[in-house]
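Report on one structure; see the data block that follows.
The values are calculated or read from the model by the stated rules, or taken from the named source; none is laboratory data. These figures come from a predicted structure and were not determined experimentally. Cβ atoms come from the backbone with ideal geometry, glycine included; neighbour counts cover every protein chain shown.
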Amino acid sequence: MDENRVKLIRFDGDKKEVWGRSLPFMKNPIKKKIYCDGVTTRQQLTYGGISAMAHYTALNPNVMTTYAVNTKEYKDLMGRGVFIPPNDVEGNICIEIGTTHRYSKAMRTNCRYISRCETTATQELKRN
C-alpha cells in the first residue's frame, strides 16, 4: 500500500457483535511468565512486553524489565541457571515464555525487541 493512501475498513454489526466474531482469531503468544531478580548471562536477551512497546512507541519504560524467550531457549537458560532466583510470583525482571512458533522468527533474526502486538499483527497480515 502506498504510504499516502488511507485504508478504511468497515465492519457489519455493532461493536459487541464485531468483538464476538473477532475473538476466535485473537491469540496470546505467551504461555507463561516467570520472574527473577537478575540474569547471569552475557547472551543478549530479546526485550518483550512493555519493554519492547516502550522502544517502539512514546510509552515510558516500566521499572520491571521484560524479556521474551521461546520455550526451547527458556529450557536452555533454566538448565544453565541464568535466572536468579526464578519464581512465579515477583521479581525485578519478567520473562515471557512464548510459544515456539510465534517467537522463533524474532529469535532467528536476532531481533532485539518483540511485542505481542507486533508478533500477532504481523502474522495475521502475512496470512491475508
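General remarks:
- Those residues of region 26-39 which are assigned to a loop (DSSP other than H, G, I, E, B) and at pLDDT 85 or above, in sequence order: Asp37
- Complete set of residues in region 46-76 that are assigned to a helix (DSSP H, G or I), under 18 Å from the mean Cα position of the chain (by Cα) and without any contact (Cβ under 8 Å) to a residue 60 or more places away in the chain: Ile50, Ala54, His55, Thr71, Lys72, Glu73, Tyr74, Lys75
- Residue within region 13-25 that is loosely packed, with under 11 Cβ neighbours inside 10 Å, assigned to a loop (DSSP other than H, G, I, E, B) and free of Cβ contacts under 8 Å to residues at least 60 places away in the same chain present: yes
- Qualifying residue in region 83-100 (condition: in a helix (DSSP H, G or I) and at pLDDT below 85): yes
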